Amino acid sequence: MPDTPGSLALTRRFRRLRRSESIRALVRETRLSPDMFVLPLFVCEGTGVRREVGSMPGVFNLAVDEAVREASAARAAGVRGVLLFGLPAHKDDVGSASADPKAPVQSAVRALKREVPDLVVITDVCLCEYTDHGHCGILADREIVNDLTVEHLVRAAVSHAEAGADIVAPSDMMDGRVGAIRRALDARGFEQVAIMSYAAKYCSAFYGPFRDAAASAPAFGDRRSHQMDPANADEALREVGQDIEEGADIVMVKPALPYLDVIRRVKDTFSYPTAAYQVSGEYAMLKAAARNGWIDEERAMLETLTAIRRAGADIVITYYAREAARLARR
Ligand code: PBG
């Protein structure tokens, strides 16, 4: 039975603006745009390699030529940027390959700047993919030595800039690395290379599939000595504030969905370009549930990305970048 007119003396009926997709679109507060998405890519040695990551369906380890192909397809879908991770052939205790001009990331940067010139090329700067022990820095007595590690990170960042990276993105969570990288870049004439700092990076269980993709799980222990305690949010503001003081151009909160409150506080406190990283475990959860027929993948993907955007993220790094850009453009 339809409602009897006037049966309730309501001044506001919220449902009026939800009646059709056209009305809903008029009053929609949060929109997704392809411009905001960044696609992470895992670059390995060789040519023609395209190896799917077991725990991340649709994500691959890619040789440079395949990475260029993937990046071009993403660009064609509207994606603006890629974030590169390297899988070196050789690992050692100081992660030497991280600053090797011929390593996968540096090679991919050169190829991408040549083949897809309007794509923003961002490089992850960390040692965990390059060390044989899988830790993010140089060890002494099984502990990461901060300042020595920063010297190695600086070398890696400079080699990325020399290859042509637009933005370097330190993800290691050592203290003082943003300032050290900024000074080193400026001293070498790379004052135009920006820094996107993983400023509030939590010690999260949701990085599991990434460590599978990058073969970077620590051989012993964990990352609690440098990544943030998930219980802390005030501390995230101190981390972000410090990285901005040291010269970060973009600040990141990571993971994204479990930390929407942190994204909001960072955006409100600093009004800075803010990125959020929908990490491997967030992606894997959606994929796994969708594969079991338990959720509608496309809707769940758009809902999570919209939530991250609504929380205040300007840039969203996501393994769904290509699909999301395609859907956002419609
Ligand atoms: C590396 C790094 C990690 C991620 C981004 N950079 C892994 C880690 O800290 O263990 C995680 C990304 C993801 O899970 O998608 N330093």
Exposure ranking of 206, 60 by accessible area [1.4 Å probe, largest first]: 206, 60
Ranked order, 160, 90 - accessible area, probe 1.4 Å, largest first: 90, 160
Of 264, 183, 224, the one that fluctuates the most in a GNM where the chain has Cα springs shorter than 10 Å: 224
In degrees, nearest ten, helix 234-246 long axis to first principal axis of the chain (Cα): 60
Centre separation in Å (Cα based) which lies between the range 5-58 and the range 259-330: 8
Centre separation in Å (Cα based) which lies between the range 147-162 and the range 91-129: 12
For the chain, built as a Gaussian network whose Cα springs stay under 10 Å, the top-fluctuating residue of 62, 83, 139: 139
Rounded FRET efficiency, nearest 0.05, which uses the C-beta distance separating residue 90 from residue 175 and R0 of 45 Å: 0.95
Projected area averaged over orientations for the range 79-215, convex hull of C-alpha atoms, nm²: 8.3
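State the percentage of accessible surface on the range 31-328 attributable to carbon and sulfur atoms; use a 1.4 Å probe and exclude ligands, DNA and RNA.
49
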Computed label-point distance, nm, for sites residue 52 and residue 296 using a 7 Å Cα→Cβ extension: 2.5
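For residue 10 and residue 113, calculate 0.36 nm times their separation in residues minus their Cα-Cα distance, and state this gained length in nm to one decimal.
Full extension from residue 10 to residue 113 adds 31.1 nm.
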Calculated SAXS-style log₁₀ I(q)/I(0) at q = 0.14 Å⁻¹ - the range 1-69, Debye, Cα scatterers: -0.66
Contact order relative to length of the range 31-328, as percent, for alpha carbon pairs under 8 angstrom and 6 or more apart: 20
In degrees, nearest ten, helix 104-115 long axis to first principal axis of the chain (Cα): 60
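What Kirkwood hydrodynamic radius, in Å, does the range 31-328 give when the mean of 1/r is taken over all pairs of distinct Cα atoms and then inverted?
Working: mean 1/r = 0.0530 Å⁻¹.
It works out to 18.9 Å.
Let me know the charge dipole size of the chain about its Cα centre in debye, to the nearest 20, where only the beta-carbon of Lys, Arg (+1) and Asp, Glu (-1) is charged.
It comes to approximately 1880 debye.
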Within a Gaussian network of the chain (alpha carbon springs, distance under 10 Å), most fluctuating of 13, 110, 238: 13
Spin-label pair residue 72/residue 22, simplified geometry with 7 Å Cα→Cβ offset, distance in nm: 4.1
DSSP-defined antiparallel bridges as percent of all bridges, the chain, nearest 5: 15
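Under 14 Å from the Cβ of residue 61, count the other residues' Cβ atoms, weight Lys and Arg +1, Asp and Glu -1, and hand me the total.
With Lys, Arg at +1 and Asp, Glu at -1, the net is -3.
At 1.4 Å probe size, with every protein chain present, just tell me what the per residue accessible area of the range 31-328 comes to in Å².
That works out to 40 Å² for each residue.
The values are calculated or read from the model by the stated rules, or taken from the named source; none is laboratory data. As the structure is a prediction and not an experimental result, all values here were calculated from the model. When we count neighbours, we look across all protein chains shown, and the Cβ atoms used for this are built from the backbone with ideal geometry, even at glycine. To get the accessible areas, we keep the full protein, side chains included, count just its heavy atoms, and leave off ligands, DNA and RNA. Shrake-Rupley method; radii C 1.70, N 1.55, O 1.52, S 1.80 Å.
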